[in-house]
Ligand code: GTP
Ligand code: MG
């Protein structure tokens, strides 16, 4: 589609008049300061502001970090206007460096969601952090999906109003399992289940769209989303992009998806938990012949990486292999009906 086709009359009008529309004050609802901030940008009138918000650009920060190409595609403005909007958003924001003590204050907002086994909590420095992506990879049956279910309960133990978005790509979310775990934790099953929003993703595009829609739940429906589970992060991508020729496109899409999740984690101080499969490396003779799917893209976007495997006597072993401030290490635990249990 040509850019001109996308451009509505209203947007053209916005582009012609660099100042916001005269009738802007009447259109703007007084309770929407973020929209007002958008409309204060040159070239953005009420209708463009609305289109920006519909496309997920709710505030100046989301515009400041956008690329002109994204705006052209999603809002239908011309490229010079997109650049002007982005530059103005950048100028209006203090995009400078943050001081170490500001960052420390931001770190103080981080919530750690315990996972239920003392050893595992210690390994993770208290629990799974908000503001970050934690990736768990491992073979089938290693317990990745179970951890996702357990986090849904534990985040609600900390904050009964916490909402969970569960993006289920393999149809493995089980409300029955949530019920068992909620009972194990002494929580009301109805309450716990009603705070979980499950999105069943049928393909990788659908999965990406669901992640993009989380911002709507937070901004439009005012939901206190504290945890996003993506189980599995890579299964659709792996199934849809087969062969070497498609690798670049797959990685590009995965990168975009991870970026959406990272932005949500950071800007909304929520925990993102993603699961990832492993593939075997037939050329490895020493050490573990498995490797996480998604390569560097997934590895680098994840703040914490955990390798899960089956241990002795039905136990599970979690190995923390990447973390910005925690030591690498391992722990053992059992997955039980009521939750995780330490190996004595
Ligand atoms: P894939 O999605 O196939 O890659 O595997 P996964 O890593 O997600 O494995 P999952 O979390 O589904 O773990 C399945 C294992 O968890 C089972 O083999 C059981 O050992 C254990 N498990 C699942 N539900 C229960 C339960 O209700 N009670 C107990 N004791 N164990 C359970
Ligand atoms: Mg699973």
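Computed values, structure above
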{"read-out": "Some residue of the stretch 208-221 being over 22 Å from residue 58 (Cβ atoms), in the same structural domain as residue 336 (by TED's automatic domain parsing) and out of contact with any strand residue (DSSP E or B) (no Cβ under 7 Å at 6 or more places or on another chain)", "value": "no"}
{"read-out": "The lone exception for residue 211 - which of (1) more than 16 Å from ligand 2 (Cβ to nearest atom); (2) surrounded by fewer than 22 Cβ atoms within 10 Å (Cβ to Cβ); (3) closer than 23 Å to residue 259 by Cα it fails", "value": "(2)"}
{"read-out": "Residues satisfying the stated conditions in the stretch 128-163, i.e. under 15 Å from residue 229 (Cβ atoms) and more than 16 Å from ligand 1 (Cβ to nearest atom)", "value": "129, 130, 132, 133, 155, 156, 162, 163"}
{"read-out": "Failed item, numbered, when residue 162 is tested on (1) under 18 Å from residue 260 (Cβ atoms); (2) in contact with a helix residue (DSSP H, G or I) (Cβ under 6 Å, 6 or more places away or on another chain)", "value": "(1)"}
{"read-out": "Count - residues of the stretch 160-192 that are part of a helix (DSSP H, G or I) and within 16 Å of ligand 2 (Cβ to nearest atom)", "value": "5"}
{"read-out": "Given (1) buried (at least 24 other Cβ atoms within 10 Å of the Cβ); (2) modelled with pLDDT of 95 or more, index of the condition residue 180 fails", "value": "(1)"}
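One line per residue, one yes/no per condition, for (1) surrounded by 20 or more Cβ atoms within 10 Å (Cβ to Cβ); (2) in a loop (DSSP other than H, G, I, E, B); (3) touching a residue at least 60 places away in the same chain (Cβ under 8 Å):
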site	(1), (2), (3)
81	yes, no, yes
94	no, yes, no
102	no, no, no
105	no, no, no
135	yes, no, yes
157	no, no, no
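The values are calculated or read from the model by the stated rules, or taken from the named source; none is laboratory data. Predicted, not measured: the structure shown is a model, and the values here were computed from it. Note: ideal-geometry Cβ built from the backbone for every residue, glycine included; neighbour counts use all protein chains shown.
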